[in-house]
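See structure below.
The values are calculated or read from the model by the stated rules, or taken from the named source; none is laboratory data. Owing to the predicted nature of the structure, the values given are computational and were not obtained by experimental measurement. We place every Cβ from the backbone using ideal geometry, glycine too, and count neighbours over all the protein chains shown.
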Amino acid sequence: MEFRRAPVENVDVTPLDVIRGRSVLVTGHTGFKGSWLCLALHRLGAIVHGLSLPPPTQPNHYELARIAALLRTEMLGDVRDAATVRQALQRANPDLVLHLAAQPIVRQGYEFPEETFATNILGTLHILEAVRQRRTPCVLLIVTSDKVYEPGKDVPSHREDDPLGGHDPYAASKAAAELVVQAYRRSFFPPEKLAFHGVKLASARAGNVIGGGDWAQDRIVPDSIRALTQNRPIIVRNPRAIRPWQHITDVVHAYLTLVATMCASDEPERFSAWNFGPPDGKDVRVADLVAEICAVWGQGSWMTEALADVPFEAPVLRLDSHKATSRLGVRTYFEPRQAIELTVRWYRAWHEGMDDMQGVSIRDLEAHDRARLHGGPTSSEVQGE
């Protein structure tokens, strides 16, 4: 079978309007990143479908932002079940598939390694296999993690061609998912034979994401908000750890820019792995992040606590995102302090009883739109004035 297309121009930056009117299946749509992605897709005019387990926390962004009302269809099911995945694809008949469903917490990987490996590896395999069996052209983006790389003492920042690896179950499961993606790309979806199989396959590796609506356990921002709203000190495990923090709107825009470019271009390089993170020098220590959260909130304190049997966490994680910047025109528009301000402002609105958290979320997406248009946000835009 051969899929024929009209020739398209290979461009480095593709307007997101190409997504308008397309059917999009988002797995993990009830999660933090998935729900923000559904909101952004709906604003672009996409026909959005979801496949996920029920929201993993209470409260959660999916319910507060009323995401279900924006979906054409949704299935509450487990990507570990291949039949469920096939049914979701049949129902959505998607032009684009964005796979975010995962067990995303490092420390839960230590506690539940079997569930972590099954969800992150088998879930990815089931998506890929369902797309292969469907035999219909589509764009497929597999979202993994910045933790897929083999830790190295002398590595200043990881590039897409660095060795994959993982010290802990979460990291190893995500690295293994990347290997599954590589195998399917080479075996079933080679870019040079796109006319015959019709599937454009890429993976995305983003740094640490912050933003309103995340209540996951053992993530520093949700842990901080819980402590602040309960008037107790924030407990910090690794205050000297360095991470590539970025706001959720920057990450969502990066994913959408990649899939929009894949829609419009047949250039083989598009169908590969992509890092998305802040530029060099913009990573932040955990201690500085927490101190800034307290400052923006207007009160609060933090402390370290000696814990026995603390699982390993890499002291430094940095991503080299030059490929995305140079080839896709993607960059982070919010500086770390601005990303923290936006995040804390979202939680403050929720804490003060704001009913329209979808509107608050849209306000953040609109601030990102203006930042891209003008080259960066003004302080008044970030502060919501």
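List, please: which pairs have Cβ atoms under 6 Å, are six or more places apart or on different chains, and start with a residue in segment 316-342 that is within 25 Å of residue 152 (Cα to Cα) and end with one that is part of a loop (DSSP other than H, G, I, E, B) and aliphatic (A, V, I, L, M)?
324/330
Restricting to segment 270-298, what's the tally of residues that are part of a loop (DSSP other than H, G, I, E, B), modelled with pLDDT under 95 and surrounded by fewer than 21 Cβ atoms within 10 Å (Cβ to Cβ)? Outline the logic, then answer.
Step one: filter segment 270-298 for residues part of a loop (DSSP other than H, G, I, E, B), giving 271-272, 277-283, 298.
Cutting the leftovers down to modelled with pLDDT under 95 gives us 277-283.
Still in the list and also surrounded by fewer than 21 Cβ atoms within 10 Å (Cβ to Cβ): 279-282.
Residues flagged as part of a loop (DSSP other than H, G, I, E, B), modelled with pLDDT under 95 and surrounded by fewer than 21 Cβ atoms within 10 Å (Cβ to Cβ) within segment 270-298 amount to 4.
Look at residue 177 and say whether it is surrounded by fewer than 24 Cβ atoms within 10 Å (Cβ to Cβ) and small (Gly, Ala, Ser). Let's see the steps before the verdict.
Working: surrounded by fewer than 24 Cβ atoms within 10 Å (Cβ to Cβ): no; small (Gly, Ala, Ser): yes.
No: the conditions fail for residue 177.
Quick check: anything in segment 97-111 free of Cβ contacts under 8 Å to residues at least 24 places away in the same chain and either among the hydrophobic types (A, V, I, L, M, F, W, C) or surrounded by fewer than 24 Cβ atoms within 10 Å (Cβ to Cβ) (or both)? Working first, answer last.
Going residue by residue through segment 97-111, those that are free of Cβ contacts under 8 Å to residues at least 24 places away in the same chain are 111.
Filter once more, so that each one left must be either among the hydrophobic types (A, V, I, L, M, F, W, C) or surrounded by fewer than 24 Cβ atoms within 10 Å (Cβ to Cβ) (or both): 111.
Within segment 97-111, one or more residues are free of Cβ contacts under 8 Å to residues at least 24 places away in the same chain and either among the hydrophobic types (A, V, I, L, M, F, W, C) or surrounded by fewer than 24 Cβ atoms within 10 Å (Cβ to Cβ) (or both).
Counting only residues that are among the charged types (D, E, K, R) and surrounded by fewer than 17 Cβ atoms within 10 Å (Cβ to Cβ), which one in segment 348-362 is modelled with the lowest pLDDT? Let's see the steps before the verdict.
Initially, segment 348-362 is screened for residues among the charged types (D, E, K, R), giving 348, 352, 355-356.
Next, from what is left, pick out any that are surrounded by fewer than 17 Cβ atoms within 10 Å (Cβ to Cβ): 352, 355-356.
Details: 352: 96, 355: 93, 356: 97.
Among those residues, the one meeting the criterion is 355.
Restricting to segment 346-377, name every residue that is of a type in the set (S, T, N, Q) and either farther than 18 Å from residue 214 by Cβ or touching a Phe, Trp or Tyr at 6+ places or on another chain (Cβ under 9 Å) (or both). Don't jump to the end; show me each part of the working.
So in segment 346-377, the residues of a type in the set (S, T, N, Q) come out as 358, 361.
The one that is of a type in the set (S, T, N, Q) and either farther than 18 Å from residue 214 by Cβ or touching a Phe, Trp or Tyr at 6+ places or on another chain (Cβ under 9 Å) (or both): 361.
Mind listing whichever residues of segment 216-251 are within 24 Å of residue 330 (Cβ to Cβ) and crowded, with 23+ Cβ neighbours inside 10 Å?
Within segment 216-251, 221, 243, 244, 245, 246, 247, 248, 249, 250, 251 qualify.
Could you count how many residues in segment 325-347 are surrounded by 23 or more Cβ atoms within 10 Å (Cβ to Cβ) and in a helix (DSSP H, G or I)?
Count: 7.
Restricting the search to segment 312-335, which residues are aromatic (Phe, Trp, Tyr) and at pLDDT below 90? Write out each step before concluding.
Our first condition is that a residue be aromatic (Phe, Trp, Tyr); within segment 312-335, this holds for 312, 333-334.
Residue satisfying the conditions is 312 alone.
Restricting attention to segment 31-60, which residues are within 19 Å of residue 221 (Cα to Cα) and under 14 Å from the mean Cα position of the chain (by Cα)? Spell out the reasoning first.
In the first step, residues of segment 31-60 are kept if they are within 19 Å of residue 221 (Cα to Cα); the result is 31-36, 55-60.
If the condition is that a residue be within 19 Å of residue 221 (Cα to Cα) and under 14 Å from the mean Cα position of the chain (by Cα), then 31, 32, 33, 34, 35, 36 are the ones that fit.
Consider segment 48-69. How many of its residues are surrounded by fewer than 19 Cβ atoms within 10 Å (Cβ to Cβ), among the hydrophobic types (A, V, I, L, M, F, W, C) and in contact (Cβ under 8 Å) with a residue 24 or more places away in the chain?
1
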